[in-house]
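Comments concern the structure below.
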Amino acid sequence: MADYTGPVCATCNVRACSAEPGTKTPPALCPMPAETELLQAVERSYIEQEELRRLALESARTEAAHYCRATRIEEVMDFARRIGAERLGIAHCVGLMREARLAYDIFRAGGFHVNTVCCKVGSISKEAIGLTDGEKIRPGQFEALCSPVGQAALLAKAGTQLNVVIGLCVGHDSLFFMHSEAPTTVLVAKDRVLGHNPAACLYTSHSYYSRL
């Protein structure tokens, strides 16, 4: 399609993807008519790859079972049970130790074995990767590097079957997702300014956060 230059689904008002095929005409920006072969290959992978099919199936079951009724932490535990994950891992920020401990207690009460790893594990100096003193949060002081790769490695060695991110920084969470051996979900997305509710600036982008 001449008008298609890549997916921008957020700008769509048709949502043909949510309707039964053939009942709505996709707009020019839609990837479905433009990327038919790719999306057909993806559909086959859901059917042919057993682990992928299992995770997708139990994700859909978790969504249906708790739609608008359960909290996210309840859904995490339900999903874990559905995929047979008995050992959960928590990769958390040093600044959210309290939240991580509360999640640890709740998961334990739910019958899970739980391992948690703080982002500063290893106590690696930020200078080790080339950060200058002037680039630190507090110049002149020792600052430990956040080590999401270390978190992922320790949770893998512990044998966690589902990992949960609590408040890792932007970028550090990306590194954790890249290196986690177990499927990973997010319980808390860090936003120091908005009390870890990053959607708040979206809801107020027409008013208080119009500067965005």
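The values are calculated or read from the model by the stated rules, or taken from the named source; none is laboratory data. Here the structure is a predicted model, which means the values were calculated and not measured. Every residue, glycine as well, gets a Cβ built from its backbone with ideal geometry; the counts of neighbours run over all protein chains shown. Accessible surface areas use protein heavy atoms only, side chains included; no ligands, DNA or RNA. Shrake-Rupley method; radii C 1.70, N 1.55, O 1.52, S 1.80 Å.
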Open item on the list: Given Cβ point charges of +1 (Lys, Arg) and -1 (Asp, Glu) and nothing else, what value in debye, to the nearest 20, does the dipole of region 98-187 about its Cα centre take?
Closed with: 240
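Pairs to check: Lys136/Lys190; Lys120/Lys157; Lys136/Lys157. Give those whose C-alpha atoms are more than 22 Å from each other in this structure. Write down the numbers at each step before the final one.
Values: Lys136/Lys190 19 Å; Lys120/Lys157 18 Å; Lys136/Lys157 31 Å.
Flagged as over cut-off: Lys136/Lys157.
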Task: Whole-Hz couplings from phi, Karplus 6.51/-1.76/1.60, listed for region 145-156; x for Gly and Pro - done: 5, 5, 10, x, 5, x, 4, 5, 5, 5, 5, 5
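Which order do the peptides 72-79, 135-142, 112-119, 33-40 take when ranked by the mean count of other beta-carbon atoms within 10 Å per residue, highest first? The partial results should precede the final answer.
Working: 72-79: 18.2, 135-142: 9.5, 112-119: 20.2, 33-40: 12.4.
The peptides rank, most packed first, as 112-119, 72-79, 33-40, 135-142.
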TODO: Considering only DSSP beta bridges where both residues belong to region 67-212, give the percentage that are antiparallel (nearest 5).
DONE: 5
Task: Length-normalised contact order for region 84-207 - Cα pairs under 8 Å, 6+ apart - percent - done: 27
- [ ] Kindly express, to the nearest 10 degrees and within the range 0 to 90, the angle between helix 72-82's C-alpha long axis and the longest C-alpha principal axis of the chain.
- [x] 80
- [ ] Report relative contact order for region 38-121 in percent, whole number only (criteria: Cα-Cα under 8 Å, sequence separation at least 6).
- [x] 24
Task: Span from the region 98-132 Cα centroid across to the region 1-71 one, whole angstrom - done: 34
Task: Summed side-chain charge close to Gln151 - residues other than Gln151 whose Cβ falls under 13 Å, Lys, Arg +1, Asp, Glu -1 - done: 0
Open item on the list: Probe radius 1.4 Å, ligands and nucleic acids ignored: give me the carbon and sulfur share of the accessible area of the chain as a rounded percent.
Closed with: 55
Task: Under 12 Å, Cβ to Cβ, from Val186 - net charge with Lys/Arg +1 and Asp/Glu -1 - done: 0
TODO: Compute the relative contact order of the chain as a whole-number percentage, counting only Cα pairs closer than 8 Å that sit 6 or more residues apart in sequence.
DONE: 14
- [ ] Express in whole angstrom the spacing between the alpha-carbon centres of region 73-93 and region 160-186.
- [x] 12
TODO: Could you pull out every Cys in the chain that lacks a partner Cys with its beta carbon under 4.7 Å away?
DONE: Cys9, Cys12, Cys17, Cys30, Cys68, Cys93, Cys118, Cys169, Cys201
